[in-house]
Amino acid sequence: MGKNLALRRARKTAIGAVVGMLVVAGLVSLGGGAAVADVSPDMPPLLQRDANVVTSDPIPTVQIDNGYVWAQTTIGSTVYAVGKFDNAREPKAAPGTALTARSNVLAYDINTGALLPFAPKVNGVIKAVAASPDGTRIYIGGSFSSVNGQARWNIAALDANTGELVPGFAPSIGGSGVYALTTSGSTVYAGGLFTQANGTARKNLTAFNSSTGALLPWAPQTDLQVDAMVMDPAGTDTIIGGRFSQISGDTGQNGIGAVDKTTGAVDTAWQASKTIHNGVNGGVDNGMTGIFALAVDANGVYGTGWSYGLSVEGNVEGTFALDAGTGKIRWLADCLGDHYGIYSTGKVVYATGHTHTCSTMNLQPEQSPSAFHYAEAYTADARGTLGTQTNLSHYTDWAGMPAPSAYAWTPDFAVGVTSGLGQAGLSITGTGNMISIGGEFRSVNNGQFEGLVRFSTTPPGGPKDGPRVSGDKWKGNVVRTADAPHSVSISIPATWDRDDMSLTYELYRNGTAAPVATTKMDATWWKRPIVHLADPAAPAGTPQTYTVVAKDGNGNAATSAAIVAPTLPTGQIALVARDSGKAVGVNGTDSPTVQQSISGVSSPSQRWTMVPRAGGKFLLKNAATGACLAVSDHSLTDGARILQWTCTEDPNFLWSLKQVDGGYSQLVGSQSGKCVTLQDGNTADGAAFIQNDCAATPATRSQFTLSPTGQLALMARDSGKAIGVDGTVSPTVPQTVTDSTSQRWTMVPRANGKFLLKNAATGACLAVADRSVDDGAKVIQWTCYDDPNFLWSLKQADGGYAQLIASHSGKCITADGAAFIQKDCSATPATSSQFMLAPAGKVRIVASDSGKAVGVNGTDSPTVQQTIADSPSQQWTMVPKGDGTFQLKNAAPGACLAVSGPSVDDGARVVQWTCSEQQNHYWSLKLSLNGYNQLIASHSGKCLTLQDGNTADGAAFVQNNCAATPISRSLFTLAPTN
């Protein structure tokens, strides 16, 4: 949260209007030594919710209308809720409807949620409520002067059944108000911000006889207000919490302390106040930290802390548990963000607040942007110790302090606006298997719940709150390879559940009633690991459609978007001669290469796979024969035939690329330094390919396009959406990128770098409607022809994007709202006509120095160099952002290539991490030497680099200055993985 002085002053001014209460975001600082407990030295584990913990299902409850509930107490099955409101509202009713008048206090049945007739009239805000020991009355405290038409100054006693004033009890308290009440025997204790009781001087603490209202001699004092009071269940003390810096002059009691319930003397042996210091009087942080609430069970005292000052002023921002009698700290839950309500069942401790990070408890790290959660559940006992707090400029390092385990229980609250605090839950009470949360929230789990809500371990109708992510928001990836045509591997991010950490995942193939694979995975809203499922018996030769179903322990389920496994993705390239538009093909094993026409999708004899080798070299392996492109007889002379032969690592089998103008490339033989050339420029089928001097003229004879024979996604720069179709012979439309075949296009080469773009779903081709040459003409798909309005060429733009230019008009495909049109290529904004042609399959990132791949060995781990293998850990998908940058998402864990930290220093490790929108997860391409690329980190401007040029498996990848030498360490090829 913000910590600067201007913000503190502004917030202090805004909240000062709320009578008697200041709740602001805070900081913590180091106090006394941590308690020692016999618990694990590790951070406590997050726990799956068990039968003792309420579910996240909100249960319909009487509401308040345009107000807030500040405090609650329970007698039997009746909840008494107090605060500031004029009306109660029926459960689930919309604001302003089904109203019943209530005056800052109401009662309801916790078992049914129904409003009870109890209806006293109080003319001011109520901040405290406590039950008498015998349960016949409740005491209320706040800032008021009249109850049921009779004078009552800031404190009153009400009959618990009728709501009438209790006869004979009419004390008065003068000051801002009463904010805390507790009872013991025949004594009522009050705390707050006041100066007198029954006309006698008292400073913020006082006590009365419960029968007569007579003032008792009990008179400890605090310098600032008291907000919470409870009776120690195992001793003779009254426990006091608030924002004070001393009790009766004892400055060792700040924020919390214990006094004798009879004499009022400070209990200096009570241990908690030696460690917890949440009170300051004076300076800019005056009253800017405190203890908000206290609660008890048979064995302990529980509290919540908040702080909005310098860390030396308030050291607890979270929840704590103390042993009854001694005040020894049992545990501290260091979940940062101010905390408010607290309640213990004896086994489970519930708290409200606005937690934004809890990394020291093995829970969520700070999010960007900040993500707040408003209710928590903990074990009543310690289960581990707190980790190290890294933000020491703002918070206390409680490392080694005993800590509870949190349960996976995260209901969603929409914060309210009525008090000006901008919070959700402010108080908690309960009985049996039910709890009641009160506050100023406007909804829970997006349902109609305002100010009050119930939760139960056994909600009516059973638990119904299931996995959160489903449908189009839950998409997976698929891998299906030629060497294993019957095996389909699915990877998908885990979904999450508000009250179940462990979910079961089932993989269904279309047409199967039973799952083909099942696994279990733990996940949370902030950490969603990749779930891997495999179908070992998928029918070969046809696409298969899969869905993943996630189920919680109660059978609540979520289903993913459909995941389509294609027949066999090829990802291979065609070597297309510029002069002829025909492909380098073969007519058998160990034979010369010949020119072949391309009809639709190229045949296997025309498909070649680049097999990377060190130094940017590669083999070219034919899909039909498995043989490799080579120069005959190791010849170094012009005119030597280019053939395909059993693959070896000899230099006459190795090639490199040289980029030339117009987006063309030359294939340069590593042994001879000469280029593959169309002999004599012959454009007929069957013409031969030879090697020749790369500078020979005409230059076009040695120029080729390396056209993907696999499928491409054409992704618009501005939106990141793909050019897709919704049927045969229809306009093209922008579609969110998925695995759908309607978004996949195959480049069918033609002469002079032109090509058709053929849709995988329909078999139709991209074209400009009606051969129009006008701006605004629709880009459609139509039965394929070689007409000029069906032919396209590419013009490179910055950032790895390109323009798609219609041959007949010279105009560019341009995004235009819900359609694609042709438009002048120089029209602005220029980005509207720029597209990324990303492989529909995945790429392998191969280091120039080693010929090995950038790979991973698990989720959230450093990248390492690996010998090239058919492994998902080496497969990366480009996910463009739209500004020339993209993420590189790994196929195995589903995480993204990122710079650790995010550091801007040379030598920072390059890792794969859960994908986020942070700039250290984005990269851009810079074309460098001989067709190699540098991968530039967006946040630092530095390049992916093979550390120290180490060519061994397991070598690390780091970021480094892009100009560092030798530059080969930062050069890579992005080659199709298969």
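Every residue, every condition in (1) touching a strand residue (DSSP E or B) at 6+ places or on another chain (Cβ under 8 Å); (2) assigned to a strand (DSSP E or B); (3) modelled with pLDDT under 90; (4) within 26 Å of VAL879 (Cβ to Cβ), yes or no:
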{"residue": "GLY799", "(1), (2), (3), (4)": "yes, no, yes, yes"}
{"residue": "GLY810", "(1), (2), (3), (4)": "no, no, no, no"}
{"residue": "THR814", "(1), (2), (3), (4)": "yes, yes, no, yes"}
{"residue": "ILE821", "(1), (2), (3), (4)": "yes, yes, no, yes"}
{"residue": "THR831", "(1), (2), (3), (4)": "no, no, yes, yes"}
{"residue": "MET836", "(1), (2), (3), (4)": "yes, yes, yes, yes"}
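Is one or more of the residues making up region 25-38 at pLDDT 50 or above and either more than 31 Å from the chain's Cα centre (by Cα) or outside the structural domain of PRO133 (by TED's automatic domain parsing) (or both)?
Yes - at least one qualifying residue is present in region 25-38.
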- Query: Any idea which of (1) within 30 Å of GLY639 (Cα to Cα); (2) modelled with pLDDT under 85; (3) of a type in the set (Gly, Ala, Ser) is the one ALA538 doesn't satisfy?
  - Reply: (1)
- Item | Qualifying position, being touching a helix residue (DSSP H, G or I) at 6+ places or on another chain (Cβ under 7 Å), of a type in the set (Gly, Ala, Ser) and either more than 19 Å from TYR302 (Cα to Cα) or in a strand (DSSP E or B) (or both), among ALA371, ALA403, ALA377, ALA382 | ALA403
- For region 143-159, which residues satisfy the criterion of being crowded, with 21+ Cβ neighbours inside 10 Å and assigned to a loop (DSSP other than H, G, I, E, B)? PHE144, ARG152, TRP153, ASN154
- Message: Please determine whether any residue of region 719-735 is surrounded by fewer than 23 Cβ atoms within 10 Å (Cβ to Cβ), at pLDDT 75 or above, within 20 Å of GLN887 (Cα to Cα) and acidic (Asp, Glu).
- Response: no
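Please verify whether ASP824 is touching a residue at least 40 places away in the same chain (Cβ under 8 Å) and surrounded by fewer than 19 Cβ atoms within 10 Å (Cβ to Cβ), treating the condition exactly as stated.
yes
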- Query: Within region 449-476, can you find the residues that are charged (D, E, K, R) and not in a strand (DSSP E or B)?
  - Reply: GLU450, LYS464, ASP465, ARG468, ASP472, LYS473, LYS475
- Residues being in contact (Cβ under 8 Å) with a residue 60 or more places away in the chain and closer than 15 Å to ASN154 by Cα - total across region 206-226: 1
- Message: Out of everything in region 179-205 that is of a type in the set (Val, Ile, Thr) and either in contact with a Cys (Cβ under 8 Å, 6 or more places away or on another chain) or free of Cβ contacts under 8 Å to residues at least 60 places away in the same chain (or both), what residue ends up being nearest to LYS84 (Cα to Cα)?
- Response: THR182
- In region 126-158, the residues that are touching a residue at least 60 places away in the same chain (Cβ under 8 Å) and under 20 Å from MET231 (Cβ atoms): LYS127, ALA128, SER132, GLY135, ILE138
- Task: Take region 94-110 and flag every residue that is in contact (Cβ under 8 Å) with a residue 60 or more places away in the chain and crowded, with 17+ Cβ neighbours inside 10 Å.
- Result: TYR108, ILE110
- Keeping to region 73-113, report how many residues are over 38 Å from the mean Cα position of the chain (by Cα) and either at positive phi or part of a loop (DSSP other than H, G, I, E, B) (or both). 6
- Query: Name the residues in region 424-458 that are surrounded by fewer than 22 Cβ atoms within 10 Å (Cβ to Cβ) and within 15 Å of ARG498 (Cα to Cα), would you?
  - Reply: ASN445, ASN446, GLY447, SER456, THR457
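The values are calculated or read from the model by the stated rules, or taken from the named source; none is laboratory data. Owing to the predicted nature of the structure, the values given are computational and were not obtained by experimental measurement. Counting neighbours? That spans all protein chains shown, and the Cβs are built from the backbone with ideal geometry, glycine included.
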